[in-house]
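Remarks on the structure that follows.
The values are calculated or read from the model by the stated rules, or taken from the named source; none is laboratory data. Please read all numbers here as calculations on a predicted model, not as lab measurements. Because the Cβ atoms are built from the backbone with ideal geometry, glycine has one as well, and the counts that use them run over all protein chains shown.
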Amino acid sequence: MSINAETIPQTIEELKKWYQSQALPPADVTRMFIDCDYDGTCAYGIYKKEANNEFVVYKNKPDGSRYVKYSGTDEIEAVKEFYLKMIDELSIQNKINEVIAEEQRKEEQEHLMLKYMIRDKYNTNQNTGLLLTVAIIIIVVVAGVFYLATSKNRRYRENYNYAINYLQEKK
């Protein structure tokens, strides 16, 4: 946003209209109070003292004290002082919001990457077929070994029994 003498509002009413035209959040969010003598902490404001037609631009500090940046009868100077400070504060807040948004986007991306890495590592749909194939092969091998081991013993026992019976019959 470029600032030149033509873009700076001249009166408090013009400043209010400009603020509304920018679609900025309410004053309690931005802490910029136009035409209001706000006495809360951490606020910037501008107002007109009706008693002596004096314009006041102020900053309320966190400790509750107030620093008056301008006090006088020149409305244009008061509005300019407040406007320039408001532009500075809003640009700083925009930069902070951009940094926060970027950090949140990075965190979200890291979270999604971690989620997909975990999903891929433990994805049962991909690993189930492989595990089932390996399990079947192991079962077949174990059954075959067991069968061969027991079948030799059975044949040996059958041959041994046959031989014993044959020898007993010959006696």
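Could you tell me which residue of the range 1-48 is modelled with the lowest pLDDT, considering only residues that are assigned to a helix (DSSP H, G or I) and small (G, A, S)? Working first, answer last.
The first filter runs over the range 1-48 and keeps only residues assigned to a helix (DSSP H, G or I), leaving 12-21, 27-30.
Among the residues that remain, those that are also small (G, A, S) are: 21, 27.
On the way: S21: 90, A27: 87.
Looking at residues that are assigned to a helix (DSSP H, G or I) and small (G, A, S), I get A27.
One residue stands out in the range 55-85 among those that are charged (D, E, K, R) and outside any helix (DSSP H, G or I): the one that is surrounded by the fewest Cβ atoms within 10 Å (Cβ to Cβ), namely D63.
Name the single residue, out of those in the range 60-101 being among the basic types (K, R) and within 37 Å of the chain's Cα centre (by Cα), that is nearest to W18 (Cα to Cα). Top of the filtered list is K85.
Residues in the range 100-158 that are surrounded by fewer than 10 Cβ atoms within 10 Å (Cβ to Cβ) and either at pLDDT 80 or above or not in a helix (DSSP H, G or I) (or both): 1 in all.
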